[in-house]
Amino acid sequence: MEQPEVSRPAGLRDRALLELTYACGLRASESVGLKLNQLDMKVGYLRILGKGNKERVVPVGKVAIEWLGNYLKSGRPKLLGKKASYFVFVGRAGKPLTRQRFWQL
C-alpha cells in the first residue's frame with residue numbers, strides 16, 4: 001500500500017481518512033458516512049451510528065486528530081470549492097466519498 005500524496009487535497013483527505021479509520025476501528029461505511037456534527041475535535045471523540053442504528057462514542061488518537069485537523073483546514077475547503085457539505089470526507093464534486101472509493105485507496 002502506498003502512502004497518500006499529502007501535498008494534494010485528495011491525498012490529505014485520504015491520509016486523514018485512513019488514520020481515523022485505523023485509530024478508531026471504524027468500518028469503511030462509518031468512515032465515509034461521518035458528518036461534521038458527529039466530530040468533537042477539542043475533546044477528541046466521534047459519535048458513530050453503527051449497525052442496527054446503535055450509537056457509540058469512540059475516542060480519537062492524537063495522530064488521527066492532527067491529520068484530520070490538517071485536512072479540515074487545508075484539504076476539504078479546496079475539494080468543496082463553493083459547495084457545502086455536512087460530510088467530513090468529500091470528493092472533488094463536494095459529494096461524500098463512497099465505500100467503493102474507500103477500498104480504492
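Straight Cα distances below 14 angstrom link Lys54 to the aspartates and glutamates Glu30, with same-chain residues fewer than 8 positions distant left out.
Pull out the extension gain between Ser29 and Glu55, defined as 0.36 nm times the separation in residues minus the alpha carbon to alpha carbon distance; nm, one decimal. Please list the in-between numbers first.
On the way: separation 26, 0.36 × 26 = 9.36 nm, distance 1.42 nm.
Full-extension gain reported as 7.9 nm.
A DSSP coil position with no more than 16 other Cβ atoms inside 10 Å describes the following GluC sites (Glu not before Pro) in segment 4-105: Glu5. Taking Val63, Val32, Val88 as the candidate residues, the one with maximal mean-square fluctuation in a Gaussian network model of the chain, Cα springs under 10 Å, is Val63.
Helix 9-24 and the longest principal axis of the Cα set of the chain meet at an angle near 20°. Straight-line reach from Lys83: taking Cα to Cα under 23 Å and skipping same-chain neighbours fewer than 8 places apart, the lysines in range are Lys35, Lys73, Lys95. The distance between label points at Lys73 and Ala10 comes to 2.5 nm (points 7 Å beyond Cα on the Cα→Cβ vector).
Ordering of 39-47, 89-97 by packing is 89-97, 39-47, highest average first (other Cβ atoms within 10 Å, averaged per residue). 5 Å is the cut-off here: which amide hydrogens, built 1.01 Å from N in the peptide plane, fall below it relative to Tyr45, excluding neighbours closer than 5 in sequence? Residues meeting the criterion, in which the H sits 1.01 Å from N, are Asp40, Val60. Residues in segment 51-68 carry Karplus couplings, in order, of 4, x, 6, 8, 8, 9, 9, 10, x, 10, x, 4, 5, 5, 4, 4, 5, 5 Hz; the curve used is 6.51 cos²θ - 1.76 cosθ + 1.60 with θ = phi - 60°, and Gly or Pro positions show x.
Here the simple spin-label model places points 7 Å from the Cα toward Cβ, and for Lys95 and Asn37 these points are separated by 2.3 nm.
Rounding to the nearest 20 debye, state how big the charge dipole of segment 9-98 is about its Cα centre with +1 on each Lys and Arg Cβ and -1 on each Asp and Glu Cβ. Before the final figure, lay out the partial values.
Values: 17 positive and 6 negative charges, 65 e Å.
In debye, rounded to 20, segment 9-98 gives about 320.
When its C-alpha radius of gyration is set against 2.2 N^0.38 Å (N residues), the chain gives a value of 0.99.
All of the numbers you see were taken from the coordinates with simple rules; none came from a lab. Being a predicted model, the structure only gives us computed values, none of them experimental. Because the Cβ atoms are built from the backbone with ideal geometry, glycine has one as well, and the counts that use them run over all protein chains shown.
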